[in-house]
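First the structure, in the form of structure tokens, and then the observations on it.
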Amino acid sequence: MELSTCDSLTNISAESWNALTDADNPFIQHDFLLALEQNECLHPYGWHPNYLLIKDNEKLVAAAPAYIKTNSYGEFVFDWSWADAYKQAGKQYYPKMVIAIPFTPANTKKYLIHPDYSEQEDQLIQQLTEFSIYVCQQHKLSSLHNLFIDKNITEKQTHLGLFQRIDCQYHWHNNNYNDFDEFLSTLKPKKRKNIKQERKKVRSSEISIKRVNGNELTESEWLKLYDFYRITFMKKSGSPTLTLEFFKAIKHKLLAIIAFHNDKMVAGAICIIGKTTLYGRHWGCFEDYDSLHFEVCYYQGIEYCIENKLSLFEPGAQGEHKISRGFLPTLTWSSHWVADEQFRQLIHTHCQRETEYMLHHFKEMQEKSPYKND
């Protein structure tokens, strides 16, 4: 087995990379990651590719999407306070390494194993983990962060000195509904009534909604949709890191949900389509309309999943308000290694306390389920 790193997917064929990946995961595919590289989405924002590879006689048998980071932007597992603590102690927190999909808080496989080597999966994951720590030590990186990975992997990594963090997202599950009304019938009366009222408010505002596959968007629709994406970041003093060229490069994976008022585009959301999962991503609007955000970002996505037999809808990170609209709390997992021995113990203790709080919070959110039978 040969372990190495690679700073661009242009050096790895799509065939060999995709042979390791989950067909349902649109983010880990070669074309998605390469589109980030080639369309000015990474380097300007502190993401420097450093893919981890294991080859067996030149055959790629395992890999992980790793990046050396000079900040914590676009990760959705927040460690800004850790960086501040390092600074106060006169130490450098950046650069660090993350194993993640840039700007993507999705629960997807990050440790990729070729199906022919499935019996060696645990061994290969351990090798990739040990190799990532070795690379951090060689480059004098402060830490390693595995973001949105499987709980079982985080548990296996603890004996290598990594520790867990958890967070909570809100996902909608398709219980083989025939239509939106059947989904509504499973909710408690008050929740069902509220959703109906919100949808009615949108219709009474003379707003029409259109769902369009990325391959079918016109140039003018592309420009407007990208404006919606950018305006949300501008309102929050953030940076619209993903370029229009990037979105066009992955248009075959993209679903646009567009709202029109008097034949004018006034709002839109960008979703990514997986084999069994719809991923809600970016939303923006030029004017405020009552309940339009819920219609475009949640209810249209639910309808799309029902119509296309998708089993899961992940609308993005955070958002307790999603519970009353049918999205249930779901734990997400990450694992972390810290080079500095003193900070390693301090951060580990912090994460243990954080986990206790998050589990309590998760239980409270479960008790708010809108479904009649929960």
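Derivation of every value follows stated rules applied to the coordinates shown; laboratory data play no part. As the structure is a computational prediction, the values presented were derived from the model and not from experiment. Glycine also receives a Cβ, built like all others from the backbone with ideal geometry; neighbour counts cover every protein chain displayed.
A few notes on this one:
- By average C-beta atoms within 10 angstrom, highest first, the peptides 213-226, 17-30, 59-72: 59-72, 17-30, 213-226
- Net charge over other residues, Cβ less than 13 angstrom from the Cβ of residue 264 (K, R count +1; D, E count -1): -3
- Among 75, 15, 320, the largest mean-square fluctuation in a Gaussian network model of the chain (Cα springs under 10 Å) belongs to 15.
- Qualifying lysines (Cα of each under 17 Å from Cα of residue 91; at least 8 residues distant if same chain): 69, 140
- Within the same chain, lysines fewer than 8 places from residue 193 are excluded, and of the rest, those with a Cα less than 17 Å from its Cα are 201, 322, 368, 372.
- Estimated FRET transfer efficiency when R0 is 25 angstrom, pair residue 260-residue 31 (beta carbons, to 0.05): 0.25
- The mean sequence distance of close C-alpha pairs (under 8 Å, at least 6 residues apart), as a share of the length of segment 175-310, puts its relative contact order at 29 percent.
- Whole-number D in µm²/s for segment 119-183 (Stokes-Einstein; Kirkwood sum over Cα pairs; 10 °C, 1.306 mPa s): 107 µm²/s
- The aspartates and glutamates within cross-link reach of residue 96, meaning a Cα-to-Cα straight distance under 18 Å and a gap of 8 or more places when in the same chain, are 7, 75, 79, 84, 130, 340, 341.
- Pairwise centroid distance, computed over Cα atoms, of segment 1-41 with segment 282-357, Å: 25 Å
- When the convex hull of its Cα atoms is viewed from all sides, the chain shows a mean projected area of 19.4 nm².
- Relative to the current alpha-carbon distance between residue 155 and residue 22, full extension at 0.36 nm per residue lengthens the span by 45.8 nm.
- Using a cutoff of 8 angstrom between alpha carbon atoms and counting only pairs six or more residues apart, the relative contact order for the chain works out to 20 percent.
- Remark: segment 54-65, residue by residue, has Karplus-estimated 3J(HN,Hα) of 10, 10, 10, 6, 6, 8, 6, 10, 7, 6, 8, x Hz, where x stands for each Gly or Pro and the curve is 6.51 cos²θ - 1.76 cosθ + 1.60 at θ = phi - 60°.
- Projected area, mean over directions - segment 1-156, Cα convex hull, nm²: 9.2 nm²
- Radius, Kirkwood style, for segment 175-310 when every pair of distinct Cα atoms is counted (Å): 15.7 Å
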